[in-house]
Amino acid sequence: QSTAELDAMVTVCRACPRLVDWRESVATTGRRASFADQPYWGRPAAGFGPAGAPVLVVGLAPAANGANRTGRMFTGDRSGDWIYAALHRGGYATQAASDHAGDGLELQGIRIVSAVRCAPPQNKPTTPEKATCAPWLHRELELAVPTLRSILALGSIGWDATLRTVREMGWAVPRPKPKFGHGAIAEIVTPDGRTVRLVGSYHVSQQNTFTGKLTEAMLDQVIATL
Ligand code: SF4
């Protein structure tokens, strides 16, 4: 199975009834007024970025009116404006703006996925939903591992999902479990003995960027360590 096949398969997943209802109801009757005339994706978001990238970004989940609308990870909302501008400054994105899925933006050397692939109500997936979506991250990591150098976890949910998944895959993870924090780094070792760096960053949600908890300089700093 290739990364392209994985992307195609995840977009038709319906394993979480509550999230299927939510993503589809937002996409039909629940559109934000300012996007009312736009088509909504209303399905799980596939990974964005080239297969075989040395860096994998693991976010939380699509936003109801962001990637659930555009169909592309972190596209169409303020979080995307932040992450793609920072990736552009770091040399990973061909343009700084993230507007819609056909805007020409391409990633180089980095691929973005999320721990949960469907938009959850209040951006909060339940524990069973996180567990149900974990096999998609598992497969993503299996495909990524031959070329993987670093994983950037955006927020503690991405951090925890990554550590849980790599442990299940037989990677060596330090004990006690490394704590999430902005700029935290954990060295995790693949079964064939290669060290991959897991780097933590506060999530690019408006809750963090509006309040100044996460600044552009702080985001640039962690991206420089990847
Ligand atoms: Fe499938 Fe993941 Fe969406 Fe659940 S959250 S329906 S497992 S893609």
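The values are calculated or read from the model by the stated rules, or taken from the named source; none is laboratory data. What you are looking at is a predicted structure, and each value in this text was computed from that prediction instead of being measured. Ideal geometry is used to build each Cβ from the backbone, glycine not excepted, and the neighbour counts take in all protein chains shown. Side chains are part of the model used for accessible areas, which takes the heavy atoms of the whole protein and leaves out ligands, DNA and RNA. Shrake-Rupley method; radii C 1.70, N 1.55, O 1.52, S 1.80 Å.
Tabulated data
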read-out	value
Lone unmet requirement of (1) over 14 Å from the mean Cα position of the chain (by Cα); (2) open to solvent by less than 60 Å² (accessible area, probe 1.4 Å); (3) within 24 Å of Trp82 (Cβ to Cβ) for Thr126	(3)
When residues of segment 69-93 are limited to those that are touching a residue at least 40 places away in the same chain (Cβ under 8 Å) and hydrophobic (A, V, I, L, M, F, W, C), the one most open to solvent (accessible area, probe 1.4 Å)	Trp82
Segment 111-127 residues that are in contact (Cβ under 8 Å) with a residue 60 or more places away in the chain, paired with ones that are surrounded by fewer than 24 Cβ atoms within 10 Å (Cβ to Cβ) and in a loop (DSSP other than H, G, I, E, B) (beta carbon under 6 Å, 6 or more apart)	Arg111/Gly49; Arg111/Ala53; Ile112/Gly49
Candidate set from segment 190-202 (those that are farther than 16 Å from Leu226 by Cα and not small (Gly, Ala, Ser)); member that is most open to solvent (accessible area, probe 1.4 Å)	Asp192
Of all residues in segment 4-30 being crowded, with 17+ Cβ neighbours inside 10 Å and among the acidic types (Asp, Glu), the one that is farthest from the chain's Cα centre (by Cα)	Glu24
Segment 191-205, residues that are farther than 30 Å from Pro62 by Cβ and in contact with an Asp or Glu (Cβ under 9 Å, 6 or more places away or on another chain)	Thr195
Residue satisfying all of: in segment 141-176; open to solvent by less than 10 Å² (accessible area, probe 1.4 Å), in a helix (DSSP H, G or I) and among the hydroxyl-bearing types (Ser, Thr, Tyr); nearest to Pro50 (Cα to Cα) among these	Thr162
Within segment 75-124, tally of residues that are within 23 Å of Leu143 (Cβ to Cβ), within 16 Å of the ligand (Cβ to nearest atom) and not hydrophobic (A, V, I, L, M, F, W, C)	2
Test: residue in segment 54-68 that is without any contact (Cβ under 8 Å) to a residue 24 or more places away in the chain and in a helix (DSSP H, G or I)	no
Checklist (1) open to solvent by less than 50 Å² (accessible area, probe 1.4 Å); (2) in a helix (DSSP H, G or I); (3) within 21 Å of Gly42 (Cα to Cα); (4) in contact (Cβ under 8 Å) with a residue 60 or more places away in the chain applied to Thr132, failing item	(1)
Residues of segment 77-129 satisfying the condition of being among the basic types (Lys, Arg) and in a helix (DSSP H, G or I)	Arg78, Arg89
Subset tally (residues that are assigned to a loop (DSSP other than H, G, I, E, B) and of a type outside the set (D, E, K, R)) for segment 188-204	6
